[in-house]
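Enquirer: I have a structure I would like to understand better, so I am pasting it below and will then ask my questions one at a time.
Values in this text are rule-based calculations from the coordinates and carry no lab data. Bear in mind the structure is a predicted one, so any value in this text is a computation, not a measurement. Counting neighbours? That spans all protein chains shown, and the Cβs are built from the backbone with ideal geometry, glycine included.
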Amino acid sequence: MRVLELIFNKFSVVFIFVIVLSGCSTIDSIFGSGMNDPANVEAANAAEEAEQMNMEDQMAMEPAAPTAEELLAQKDEALVEQGMRLAAAQTNVTSMREELSTLQQELEAAKLDAMQKQEMLDARAEEQVAADAESVTANVPREVAPDGGYGLHLASFELEESIAPGLQFLTNRIPVLIQGKPVKLSDVTVRGKNFRRLIIGQFDSQSDAQAECTQALLLVDFCEVVAFAGEDY
């Protein structure tokens with residue numbers, strides 16, 4: 001009886017193992033048609049190849065990294081452009097400095113011209129007062145100059161260094177009247193101040209001198225007929 005029981009147990013284990021193998025085969029057939037099925041292997045290989053091709057396409061679409069030569073060329077181009085911008089900026093700065101220097105020179109010239117004109121106007125105002133006082137006391141026109149000849153009193157200067165630029169200013173305004181003509185300086189004191197009269201000559205008659213003086217007044221602010229006397233300039 002013991003022997004029969006052992007035999008039955010062995011056959012039971014074998015039977016159960018067979019049933020398990022049969023079930024696994026059935027499940028594999030139902031769900032996956034078998035892991036070793038050629039169709040499944042081919043499908044797996046195709047999926048793997050498709051994934052590999054997709055990865056290769058993505059890598060091909062990505063831009064390639066620049067080489068060392070390309071990076072060096074880009075750096076050289078950037079340096080050249082920067083140098084050109086610096087050169088253009090330097091040129092602009094130089095041009096602005098030149099314009100500023102020109103403006104400063106023009107400003108200095110304008111200041112000097114204004115100062116000379118103001119000095120001449122002041123002197124003329126002082127002399128006009130003296131001339132009016134003299135005409136009131138004398139009240140007699142001069143027909144003959146003491147030294148012979150008449151001149152045009154065009155300006156008076158209190159400072160000696162103002163005479164040359166003042167004469168140049170008048171020459172630029174009325175060159176026909178002054179160029180080539182003799183010039184004399186005559187000292188005069190007006191209200192305690194000493195001036196040097198600038199006199200252009202020489203005219204034989206008072207009428208000729210007055211005619212020229214009238215023409216000069218079209219271009220300058222002051223002109224007076226006086227005796228052509230004084231020291232040569």
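Enquirer: State the extension gain, in nm to one decimal, for the chain segment bounded by V93 and Q179, taking 0.36 nm per residue of separation less the distance between their alpha-carbons.
Expert: Full extension of this stretch gives 26.6 nm more.
Enquirer: Here's another thing I want to ask about it. Tell me which lysines have Cα within less than 20 Å of K193's Cα, excluding those fewer than 8 residues away on the same chain?
Expert: K193 reaches K117, K184.
Enquirer: Further, regarding this structure: Quick one: which of 163-173, 110-120, 193-203, 44-54 comes out on top by average Cβ neighbours within 10 Å, and what's the full order, highest first?
Expert: Descending mean neighbour count gives 193-203, 163-173, 110-120, 44-54.
Enquirer: Between A109 and L218, what is the spin-label point distance in nm, taking each point 7 Å from the Cα along the Cα→C-beta axis?
Expert: In this crude spin-label approximation the distance works out to 2.6 nm.
Enquirer: Taking K and R as +1 and D and E as -1, what net charge do the other residues with C-beta under 13 Å from the C-beta of G83 add up to?
Expert: Once positives and negatives cancel, what remains is -1.
Enquirer: Answer rounded, prolate or oblate for segment 184-230, using the Cα gyration tensor with square roots of eigenvalues a ≥ b ≥ c: rounded when a/c is under 1.5, else prolate when a/b is larger than b/c, else oblate.
Expert: Note, shape of segment 184-230 comes out oblate.
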